[in-house]
Amino acid sequence: MLFEITHRTRYHYSLPVSLEPFTLRLRPRSDATQSVRDFRLNITPQPNGISHCIGLDGNNTTTIWFDGPHENLLFEVHAQIETHYPDPFNFIITYPDALTLPLAYPSDLIPALTPYLIRDEDSPQVHALAQELMHTVDHRTIPFLTLLSAQIYQRFEYLLREHGDPWTPAETMNRGQGSCRDVAMLFIDVCRKVGIAARFVSGYCIGDKVADSHMHAWAEVYLPGAGWRGFDPSLGLSVSEDHITVAAGRHPLDAAPTHGHFRGLAASSMEVEIQIIRVDKS
């Protein structure tokens, strides 16, 4: 499928401020699942310097810096992306011990995957959910992942929260609701609880009324032979060609589309505008 994306992020400051260097992760990934046909990034005011690199998780990362005081800052992206992911289950697991839970990775993968197995806290509610679902699927890995995504979708009320850090998995469990980033972190924590390496993903999702006008978040898990595979618990689905990945990381901040600070006594505000159009390739 082919999509055109326009994404504008505006920062406004009540007084002129000095802008510290900004980190941008706005260029979508280009790999076997999706191709970037066109990408244009416009920045106002014109930065004094700009640097492009590949981040730790393979994200396309841009660092920009400015001279002088400014009251406004605009990032405008125009992109055309083609997805190639019609069947999210077109894979095999090549390591037998990864077929059942708790999952055991081969020793040569453990050093690279350890950061994606670390949990920030332990929660009795998360433990209970993990044990319940493992028992339901007889400790089988793929049925566990699909059931976990579906159960979070069914049990938790979707909540649009445009700003703020993700809630902890325990807080999401206690509230019984959460935004896409909140339930993504819950999915990730349950996976890590049973030994599945998992990471946070930011991007776009087409076909959901809320996600069509906002950045979306979901999770990826690492399976030997299959690599990183996406699951979207806010929709109860496996990730396919309606999802466009922009960035991924162990922590949500590692996948944030924009991140930066300013020096000054001003109040700040941010507005985001996203438009996604499905293009007929014929």
Amide proton proximity set for residue 85, modelled H, under 5 Å, gap of 5+: 241
Radius ratio Rg over Rh of the chain, counting only Cα atoms, Kirkwood formula for Rh: 0.98
Residue 276 accessible area, assembled protein chains, probe 1.4 Å, Å²: 30 Å²
Choice from 13, 158, 116 showing the highest fluctuation, given a GNM over the chain with Cα pairs closer than 10 Å: 13
Cα-based shape type of the stretch 94-156, given that a ≥ b ≥ c are square roots of the gyration tensor eigenvalues and the cut on a/c is 1.5: oblate
Convex hull projection area averaged over all views, the stretch 221-282, Cα basis, nm²: 7.7 nm²
For the stretch 59-169, projected area of the alpha-carbon convex hull averaged over all directions, nm²: 12.4 nm²
Per residue, in Å², the accessible surface of the chain once ligands and nucleic acids are set aside, probe 1.4 Å: 47 Å²
Accessible-area value, residue 132, 1.4 Å probe, nucleic acids and ligands omitted, Å²: 80 Å²
Length-normalised contact order for the stretch 174-282 - Cα pairs under 8 Å, 6+ apart - percent: 26 percent
Accessible-area value, residue 135, 1.4 Å probe, nucleic acids and ligands omitted, Å²: 150 Å²
Probe 1.4 Å, all protein chains present, accessible-area order of 3, 66, largest first: 66, 3
Accessible-area ranking of 63, 83, largest first, probe 1.4 Å: 63, 83
Efficiency of FRET from Cβ geometry, residue 271 and residue 35, R₀ 25 Å, rounded to 0.05: 0.25
Where the Cα pairs of the stretch 118-224 fall when distances are cut into 5 Å bins, in %: 2, 12, 24, 26, 20, 10, 5, 1
Dimensionless Rg ratio for the stretch 182-275, taking C-alpha atoms and the 2.2 N^0.38 Å reference: 1.22
Value of [θ]222 nm, deg cm²/dmol, for the chain, DSSP H segments ≥ 4, -39500 (n - 2.57) each, nearest 500: -5500 deg cm²/dmol
Carbon/sulfur fraction of accessible area - the chain, other protein chains in place, 1.4 Å, %: 51 percent
Equivalent ellipsoid, the stretch 8-128 (semi-axes from 5 times Cα gyration tensor eigenvalues, Å): 39, 22, 14
Taking the chain and dividing mean pair separation by its residue count, relative contact order in percent (alpha carbons under 8 Å, at least six apart): 30 percent
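The values are calculated or read from the model by the stated rules, or taken from the named source; none is laboratory data. Bear in mind the structure is a predicted one, so any value in this text is a computation, not a measurement. We place every Cβ from the backbone using ideal geometry, glycine too, and count neighbours over all the protein chains shown. Each accessible area value is taken on the protein alone, full model and side chains, heavy atoms only, with ligands, DNA and RNA left out. Shrake-Rupley method; radii C 1.70, N 1.55, O 1.52, S 1.80 Å.
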